[in-house]
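Undergrad: Below are the structure tokens for one structure; questions will follow.
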Ligand SMILES: [Ca+2]
């Protein structure tokens, strides 16, 4: 039993009588925190059951991205941290006006549930506080309204057992300068632990006009109130100022395409007009941007969590948690989004937006252990109340194609003395036009003169969830059954500018069920099955009526095998087969050409296979391997031509490998080096609607490399590092309208305090 904190030791002590009484491995782990893991292989998880449980005992696929892996891959942002996972693909870009974190496609379905320490909702991930990431594949009834493909649970850093810390300095290509500090302080006879993290980062970026500065401060703490209770907290704030380069920097183009092969371009095939078939852009230079010195994106993000835990007695633990998130986003950009096939022209859109989002979540869990005959139960009863508010600070725009808006642009040119580009032609781009040297409009001028395009003031979503999960151990712990039930009640309403209600108020509720089973065939191999249904309200509204669409319903099944410590502990992993069906899916894509929303309502199905391996073939050689095959398609729709449309983000084949080797003796003792490869085979759809079906990524291969060398300088432990991200300089669409970063060499040096 590895215990890395006073808190864990205390809890272990509190639960020791139980462990002794039941002599059961499943109960001897620290129940509320996951074990610190060496290397890339994790053995236990807190996701799935809400309690720290060996991975082999959880009847669902859970992939753990360990802190050692995150350290080595030196991946600074949350999106890229998931690159080496199976069946997961980023679906939205960053740097736009999204107040909420990126969404991903997991097993072919868009995931809206990102969790921090098991609590859903939330506008902001303090990515600097991420200790490890657990990706729970498939549906479950534990975490609020669940997406059937799975969810991402981020486990945050907690105070370390010993005082001390580490400072790190990084510098690299594209003007990358970064300083980080991570310090743990212990006080009050070790009852209080505080961990403080700071992170300052500057990046010049790689587009012709680019750059970002971010400042982060975070603190997590735990305090032992009594022998049987403790208080935990996490508070953090993040500020980002950047050029919104991912906002229509690369964009799209139309190409005349004879889709039905009849020799002309006059037809409409599966809703696509042949004369205006839309694709990812292929002709603009990679560093091209339509942003100007007048454009910006400012983001402020705050997160707070407060937790209280009471071991009422040896078989009963109460947990309460409060979470607060707030994100404030302001963006001012100029976009030329889509070049027309007919004349190669793209129209300017001068736009500014402000938005704010706030979530408050209260969670109360009671964990009860009891026996009925031979069966041992771990019962988790919970109630969660979440309140989300989105404030629309307004979107104002001026477009060159609208006569009235063009007239305003004329006036503003006269007033401001700026020349405001109205159109951009493909020929100009090819001739090397430096459009980033243009001027754009300031936020104040756009707000005062532009056309306000949305009339929403704010929208609210209240979710009440009651859930129960019983983890039952049978047959001398060879079999465990997971039974879950959850009732969700969701209320949504929207207020228009001026305070009047907009659209109807939604109040929907539904109960979902989960059945899971794991049978341990022998100490190293187990077989599992997981069946669950799920319910999810549609947050999209019908633009004609303002009403919310009726909820989405899904059914999912997975079967698989897990293996732990095969070949004397050298191989662990899992294989899973899954099938997910979802009805009433609203596909809603904003169309930047028509400035309307393309929409379709479909029934979708995704099935596939997923393989995850963690291996140590010889001492000091650590590797991970993941493969997923997904066939995700529309299987039913009002319009039959939608059938067969591939699901957004569903990557047909994805194979990843990452490894590291540590030299254990000789003059280079301690040197660790390695890297990884990600191979994705498309087509990967970037949109959900048929009109954009040709906007797809064909596939890509990227290679990352790293090395670390620890040494002693003046009696101080110092580690030098280098990372080469995207060493082969691959260029590909990471998600809708967002492209990969080029090769980046980054050096780091860190020292223990
Ligand atoms: Ca044709």
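Just so it is clear, none of the values below were taken in a lab; they were calculated from the coordinates. Computed from a predicted structure; not experimentally measured. Note: ideal-geometry Cβ built from the backbone for every residue, glycine included; neighbour counts use all protein chains shown.
Undergrad: Taking the mean number of other Cβ atoms within 10 Å as a proxy for protection, how do you rank 686-692, 216-222 from highest to lowest?
TA: Put in order of decreasing packing, that is 686-692, 216-222.
Undergrad: Can you classify the stretch 427-513 as rounded, prolate or oblate using the Cα gyration tensor, where a ≥ b ≥ c are the square roots of its eigenvalues, rounded means a/c under 1.5, and otherwise it's prolate if a/b beats b/c and oblate if not?
TA: oblate
Undergrad: Tilt of helix 403-416 relative to the longest C-alpha principal axis of the chain, in degrees (0 to 90, nearest 10)?
TA: 90
Undergrad: If one takes the longest principal axis of the Cα atoms in the chain, at what angle in degrees, from 0 to 90 and to the nearest 10, does the Cα axis of helix 6-22 lie?
TA: 50
Undergrad: Compute the label zone of residue 491 within the stretch 501-528: residues whose backbone N is under 17 Å from the point 7 Å along Cα-to-Cβ.
TA: Once the point is set 7 Å along Cα→Cβ of residue 491, 501-510 turn out to lie under 17 Å by backbone N, inside the stretch 501-528.
Undergrad: Could you calculate the FRET efficiency of residue 268 with residue 360 from 1/(1 + (r/R0)^6), where r is the beta carbon distance between them and R0 is 41 Å, rounded to 0.05?
TA: Computed FRET efficiency for residue 268 and residue 360: 0.30.
Undergrad: Follow-up question, since we're still on this one. Expected output is a single nm value to one decimal: the length gained when fully extending between residue 455 and residue 71, i.e. 0.36 nm times separation in residues minus the C-alpha distance. What is it? Walk me through the numbers on the way to the answer.
TA: Values: separation 384, 0.36 × 384 = 138.24 nm, distance 4.49 nm.
Gain on stretching residue 455 to residue 71: 133.8 nm.
Undergrad: Still on this structure, please answer the following. Please work out the FRET efficiency for the pair residue 681 and residue 559, using the Cβ-Cβ distance as r and a Förster radius of 25 Å; give the result to the nearest 0.05.
TA: Step by step, r from the Cβ atoms, then E = 0.50.
Undergrad: Spin-label point model (7 Å from Cα, Cβ direction): what's the residue 213 to residue 464 distance in nm?
TA: Each label point is offset 7 Å from its Cα along the Cβ direction, giving 4.7 nm.
Undergrad: Remind me, relative contact order of the stretch 108-259 in percent, using alpha carbon pairs under 8 angstrom and six or more residues apart? Intermediate results must be reported in sequence, preceding the final value.
TA: Working: 309 pairs, mean separation 23.8, N = 152.
Normalised by residue count, the contact order of the stretch 108-259 is 16 percent.
Undergrad: 7 Å from Cα along Cα→Cβ at both residue 43 and residue 167: what's the point-to-point distance in nm?
TA: The answer from the label model is 3.7 nm.
Undergrad: Can I ask one more? In nm, to one decimal, how far is the residue 320 label point from the residue 500 one, both placed 7 Å along Cα→Cβ?
TA: Going by the 7 Å Cα→Cβ label model, 4.3 nm.
Undergrad: Please compute, for the alpha-carbon atoms of the chain, the extent along each of the three principal axes and give them in descending order in Å.
TA: 81, 64, 52
Undergrad: Something else about it: May I ask you to derive the FRET efficiency for residue 509 and residue 476 from their Cβ-Cβ distance with R0 = 30 Å, giving the value to the nearest 0.05?
TA: 0.15
Undergrad: Using only helices, what value at 222 nm comes out for the chain when you add -39,500 (n - 2.57) per DSSP H run of length 4 or more and divide by the total residues, to the nearest 500 deg cm²/dmol?
TA: -2000 deg cm²/dmol
Undergrad: Suppose the chain between residue 643 and residue 753 were pulled fully straight at 0.36 nm per residue; how much longer would it get relative to their current alpha carbon spacing?
TA: Gain on stretching residue 643 to residue 753: 33.6 nm.
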